[in-house]
Amino acid sequence: MSSKIKEALDKKFQENDVIFWYDEHDELKESFDKLHISGVQKCHVQDNQFEIKYKLTSKNENEKFLVYFNTPKPKPNENWLLDLELAYHVFHTDQEAIILQDLGLDFGFKKLVEEHIAFFKSKERQDNLKELLGKGDSHKDVRYKMIAVAFNTEYVNLNTFIHAHGTAFANGNEKLQRDLERFELTDFYWKEISEKFNYDSDTPSIYDFLVEAFMDNFQNNGKSKLSKETRLLLSLWKDTITYRDGFNKISLQISDDLQIESKLNQLSLEMVVNDELFKLTDNKILHDLVQRLLNSEISDDTLQVFIKQRENKFWYSKFESYYQSISFASKLKNQIISLSVNFKSFEDGLRLYTTKLYRVDFLYRKFILNFRKTNQDNVLSELAKSIDKLYSNDWLLNQNDNWQKVIDSTEIWPTKENFCQRRFFDQHIRPFTEKNQRVFVVISDALRYECGTELNQLLTKENRYDSEIDGLVSSLPSYTQLGMASLLPHDTLSMKKGSDQVLVNDMSSVGVVARSKILSANTGARATAILAEDFMKFSVHGDGREFVKNYDVIYIYHNVIDDTGDDTTSQDRIFDAVEGELSFLMELLKKIANMNGNNMIVTSDHGFLYQYEELEDSDFTNAEVQGDVDKQNRRFVIGKNITGNASVKTFTYQQLGLTGEGNILIPKSINRLRVKGAGSKFIHGGASLQEIVVPVIKVNKKRKDTTTQVEIDIIKSTDKITTNLLPVSFIQTLATNKTRIARRIRASIMAADGTVLSDQFSYNFDSKEDSQRQREVKHRFQLLSLASGKYKNQRVKLVLEEPMDRANKWKAYKEYYYTLSISFTNDFDEI
């Protein structure tokens, strides 16, 4: 105790010349006698007040005195030294006084410490509280900070306390409640909640309070029990990363206790579309959207607006694949209804498919991909069957039946035109070699055209990457060996006798080693081939650059899509494989760019057909094939002197641009040949547009920026906030396009000291609409009571923030200033 007293006195003498020490219980006389503080004179008060008063009033400025009493402090009217006590500092050595002195609080807080003495028995709690205390803190401020220490919250405010308390309750953790009681803070805590939220209960509890808060904010058309501040309380809770899991659990429990499902059954979709308190609301919305879509009771535009409204709601992330399934299903249905397919020629078919028809296959892929992510949930099962039937019968079969008319009239398969795969090297690679420029060719097996369009879109959104896409017609049959050979420099292509292997200028083209030899022999430049997996093992600044500088043409091969689809056990994961391949290709292209590879081309050997639902017997055909068959699969037959019935189209080698003697049968439209053991959902080799149209994506790494985010502004009619609701209209100034990409923001109203005074609004501005009115988004900010209290008449700002790259943080984007002029009447709820 003596050392602690000396330490405390040393500190106090740094700021005071005279200190009065009251040892009211005469417990520390021995400590006083032994005490020595350099430069300080000790005075023991023993009926010698006038002597001491003389010393103190006549002391010079460098003298310091410690005046000790081992008697109780006299009453003010009996205290002869009161004027000096008031002028200097009074030191106490009872437990409460020592605590106050350690915290730097004056003696006026002694009663507070006595009331909550259990809190101060922990040195750790005292130290944590000391870090929060500030000059001028009131008793209320100190108690708030004590709760912050007890609850271990980052912020000192009532909303945060409730978020922490509610989360602890949701997790079955009663420590916070016990600590409130143990530290005698319960009455204060519930008094604050009562005053702010108008919560009244003889036996208050966190769950009872939250039940009322949820009830008031869920489709409440009557008089609210609690104040409007509960709306903001719940809104902030959802947006708080630390406690949002607690909101999740509390919401689920309240949902059961209040029988929210039965209430939702009585409400329309339009009435609940903005609610985000309960997970069941999303179940309701999804169910209604599916039913309206199945019954053709909703337009695609309206459905997309509903889904956009849900995009930034609390539960959206758990249901994203559901919403996306419905979104793509609606777009697909709308697209098929609006398209009328009539092909005039081969070139016309290529033009139509690469400009708009591919979109149906893209939407189908996205629908199935998201549907599978939901684990084929029952709410979507009927929609999935409907969409698959629509896609397979109304689109895939109908479109390819029409396209078959062009195929039937085709005598010579196009191999010499500029849009043909056979012309790939001469058209797209040789221009680089002639200019002595290095070029990288990435060949992704079975990357069909619609997949390439998505890769192109990803690239155009990537800053400093310029990308454009074109379509090529693959060789026929549209299978790997012939497609890969067609992409190599060659004079002739021929079939190896008795197999489906293709010879390039009489050289084998099977495998990366063989293709590397062909490139080296036929390119007229330093050329090689490598597997993508091996290329990705290179170090960008080490062996990678050493490898690259030895070649002018580098072919990089990757086989994920075809490998997944060709296996009957994995064919249903084909669209998952496409997603993975697109991500991989982006990584690959960025690695090439980091090796100073500015010129890159991505293409494919062939496309594919895929239908998710099990095929019907009518989807298969018996071609009655006769003759010497070398190779047969679901979509083609290779051989000599082979014939079939009317269900197939027959080509000779010469008609297909192949040397040698033989012919090939292709089943018409999307029919499959019956082949034992082969998968039937994923197929290629035939002449459908999905199989023969492949992408050529030209990518160039630029030194200057190629993209910019859209700008967001607000319509500001006043610079004053006069009520606790501030409506704001956000404007996306221009539509998104190839070079203007979406911008995600979150917005809130902040005080000059950084205190958040409102709920947060988050939105992804990605509108492609030409009309500015259609790019307008409105939000009503709910302000905290602080706005009309502590911060009344102060300057505040509406802060727009955007995410930081590669970090889970936000940075300032724009600020708009207002003056708070909220009337006191806005503090009242309707009465």
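Going by the structure shown, is Q782 over 21 Å from the mean Cα position of the chain (by Cα), of a type outside the set (K, R), more than 16 Å from Y816 (Cβ to Cβ) and assigned to a strand (DSSP E or B)?
In short, yes.
Would you confirm whether or not region 23-38 contains a residue that is more than 60 Å from the chain's Cα centre (by Cα), buried (at least 17 other Cβ atoms within 10 Å of the Cβ) and of a type in the set (D, E, K, R)?
Yes, region 23-38 has at least one match.
Would you mind finding the one in E276, E297, E311, E320 that is under 21 Å from the mean Cα position of the chain (by Cα) and modelled with pLDDT of 95 or more?
E320
Does any residue of region 63-82 turn out to be under 60 Å from the mean Cα position of the chain (by Cα) and under 28 Å from D137 (Cα atoms)?
No: region 63-82 contains no residue that is under 60 Å from the mean Cα position of the chain (by Cα) and under 28 Å from D137 (Cα atoms).
Can you find, within region 265-291, the residue that is farthest from S317 (Cα to Cα) among those that are surrounded by 15 or more Cβ atoms within 10 Å (Cβ to Cβ) and polar (S, T, N, Q)?
Q291
Among what's in region 572-616 and is charged (D, E, K, R), more than 28 Å from G685 (Cα to Cα) and out of contact with any Gly (no Cβ under 9 Å at 6 or more places or on another chain), pick the residue that is surrounded by the most Cβ atoms within 10 Å (Cβ to Cβ).
K590
What number of residues in region 414-452 are of a type in the set (F, W, Y) and closer than 26 Å to V548 by Cβ? Can you show your working first?
We begin by selecting, within region 414-452, every residue of a type in the set (F, W, Y); these are 419, 424-425, 432, 440, 449.
Now narrow it down to the ones that are closer than 26 Å to V548 by Cβ: 424-425, 432, 440.
Total satisfying the criteria: 4.
Filter region 302-318 down to residues that are surrounded by fewer than 18 Cβ atoms within 10 Å (Cβ to Cβ), within 29 Å of Q399 (Cα to Cα) and touching a residue at least 24 places away in the same chain (Cβ under 8 Å), then give me how many there are. So that I can check it myself, show each step before the final result.
First, the residues of region 302-318 that are surrounded by fewer than 18 Cβ atoms within 10 Å (Cβ to Cβ): 302, 304-305, 308-309, 311-312, 316-318.
Okay, now just the ones that are also within 29 Å of Q399 (Cα to Cα), so 302, 304.
Now drop any that are not touching a residue at least 24 places away in the same chain (Cβ under 8 Å), which leaves 304.
Looking only at that region, the number is 1.
Name every residue in region 419-436 that is part of a loop (DSSP other than H, G, I, E, B) and either closer than 22 Å to M586 by Cα or more than 42 Å from the chain's Cα centre (by Cα) (or both), in order of residue number. Reasoning before the result, please.
Within region 419-436, the subset part of a loop (DSSP other than H, G, I, E, B) is 419, 435-436.
K435, N436, listed by residue number.
Yes or no, residue by residue, for (1) among the β-branched types (V, I, T); (2) closer than 22 Å to L280 by Cα:
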{"site": "F319", "(1), (2)": "no, yes"}
{"site": "S327", "(1), (2)": "no, yes"}
{"site": "L352", "(1), (2)": "no, no"}
{"site": "I368", "(1), (2)": "yes, no"}
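Determine if region 4-27 includes at least one residue that is out of contact with any Ser or Thr (no Cβ under 9 Å at 6 or more places or on another chain), within 13 Å of I98 (Cβ to Cβ) and among the acidic types (D, E).
Yes, some residue in region 4-27 is out of contact with any Ser or Thr (no Cβ under 9 Å at 6 or more places or on another chain), within 13 Å of I98 (Cβ to Cβ) and among the acidic types (D, E).
Scanning region 365-387 for residues that are surrounded by fewer than 19 Cβ atoms within 10 Å (Cβ to Cβ) and charged (D, E, K, R), which turns out nearest to F651 (Cα to Cα)?
K385
Only one of (1) more than 29 Å from the chain's Cα centre (by Cα); (2) of a type in the set (V, I, T); (3) outside any helix (DSSP H, G or I) fails for I469. Which number is that?
Every condition holds for I469 apart from (1).
Among the residues of region 430-438, is any buried (at least 19 other Cβ atoms within 10 Å of the Cβ), of a type in the set (K, R) and not assigned by TED's automatic domain parsing to the domain that holds T355?
The answer is yes, given that some residue of region 430-438 is buried (at least 19 other Cβ atoms within 10 Å of the Cβ), of a type in the set (K, R) and not assigned by TED's automatic domain parsing to the domain that holds T355.
I'd like to check something: does region 69-79 contain any residue that is modelled with pLDDT of 90 or more and among the β-branched types (V, I, T)?
No, region 69-79 contains no residue that is modelled with pLDDT of 90 or more and among the β-branched types (V, I, T).
Give the residues of region 613-647 that are at pLDDT below 95 and within 22 Å of V693 (Cβ to Cβ), sorted by residue number.
D619, N633, R634, R635
Taking V406 as meeting all but one of (1) out of contact with any Leu (no Cβ under 9 Å at 6 or more places or on another chain); (2) surrounded by fewer than 17 Cβ atoms within 10 Å (Cβ to Cβ), write down the number of the exception.
That leaves (2) as the condition not met.
In the list A514, A529, A521, A525, which residue meets the criterion of being among the small types (G, A, S) and part of a strand (DSSP E or B)?
On the way: A514 fails: part of a strand (DSSP E or B); A521 fails: part of a strand (DSSP E or B); A525 fails: part of a strand (DSSP E or B).
Only one candidate qualifies: A529.
For region 218-233, which residues satisfy the criterion of being assigned to a helix (DSSP H, G or I) and surrounded by fewer than 20 Cβ atoms within 10 Å (Cβ to Cβ)?
Here is the first cut: in region 218-233, the residues assigned to a helix (DSSP H, G or I) are 229-233.
Once the filter is applied, which keeps residues that are assigned to a helix (DSSP H, G or I) and surrounded by fewer than 20 Cβ atoms within 10 Å (Cβ to Cβ), region 218-233 yields only R231.
If I filter region 688-717 down to residues being touching a His at 6+ places or on another chain (Cβ under 8 Å) and in a strand (DSSP E or B), which single residue comes out as nearest to Y353 (Cα to Cα)?
If we filter region 688-717 for residues that are touching a His at 6+ places or on another chain (Cβ under 8 Å), which is where we start, we get 691-692, 694, 696, 698.
Still in the running and in a strand (DSSP E or B): 694, 696, 698.
On the way: V694: 11, V696: 14, K698: 19 Å.
Residue satisfying both the conditions and the ranking: V694.
Listed here are the residues, each with its yes/no results for (1) in contact (Cβ under 8 Å) with a residue 12 or more places away in the chain; (2) in contact with a strand residue (DSSP E or B) (Cβ under 6 Å, 6 or more places away or on another chain); (3) over 30 Å from F69 (Cα atoms).
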| position | (1), (2), (3) |
| --- | --- |
| A118 | yes, no, no |
| K121 | no, no, no |
| R125 | yes, no, yes |
| L180 | yes, no, yes |
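Could you look through region 617-659, keep only residues that are touching a helix residue (DSSP H, G or I) at 6+ places or on another chain (Cβ under 8 Å) and under 24 Å from W395 (Cα atoms), and pick out the one that is surrounded by the fewest Cβ atoms within 10 Å (Cβ to Cβ)?
Going through the qualifying residues, I end up with K649.
Output the residue which, of all residues in region 180-214 that are aliphatic (A, V, I, L, M) and buried (at least 18 other Cβ atoms within 10 Å of the Cβ), is farthest from D275 (Cα to Cα). If you could, list the steps in order and put the result at the bottom.
Our first condition is that a residue be aliphatic (A, V, I, L, M); within region 180-214, this holds for 180, 185, 193, 206, 210-211, 213.
Keeping just the survivors that are buried (at least 18 other Cβ atoms within 10 Å of the Cβ) gives 180, 185, 193, 206, 210, 213.
Numbers: L180: 33, L185: 35, I193: 24, I206: 22, L210: 17, A213: 14 Å.
Among those that are aliphatic (A, V, I, L, M) and buried (at least 18 other Cβ atoms within 10 Å of the Cβ), it is L185.
Out of S251, S321, S299, S255, I need the residue that is farther than 22 Å from I368 by Cβ and surrounded by fewer than 19 Cβ atoms within 10 Å (Cβ to Cβ). Which one? Can you show your working first?
Numbers: S251 fails: surrounded by fewer than 19 Cβ atoms within 10 Å (Cβ to Cβ); S321 fails: farther than 22 Å from I368 by Cβ; S255 fails: surrounded by fewer than 19 Cβ atoms within 10 Å (Cβ to Cβ).
Every option except S299 fails the conditions.
Anything in region 515-529 that is buried (at least 19 other Cβ atoms within 10 Å of the Cβ) and at pLDDT 95 or above? List them, or say none.
Within region 515-529, R515, I518, L519, A527, T528, A529 meet the criteria.
Return the residues of region 660-691 that are surrounded by fewer than 24 Cβ atoms within 10 Å (Cβ to Cβ), small (G, A, S) and closer than 23 Å to N398 by Cβ; say none if nothing qualifies.
Passing the criteria: S669, S680.
The values are calculated or read from the model by the stated rules, or taken from the named source; none is laboratory data. Quick caveat: nothing in here was measured; it's all calculated off a predicted structure. Here the Cβ is made from the backbone with ideal geometry for all residues, glycine too, and neighbour counts use every protein chain on show.
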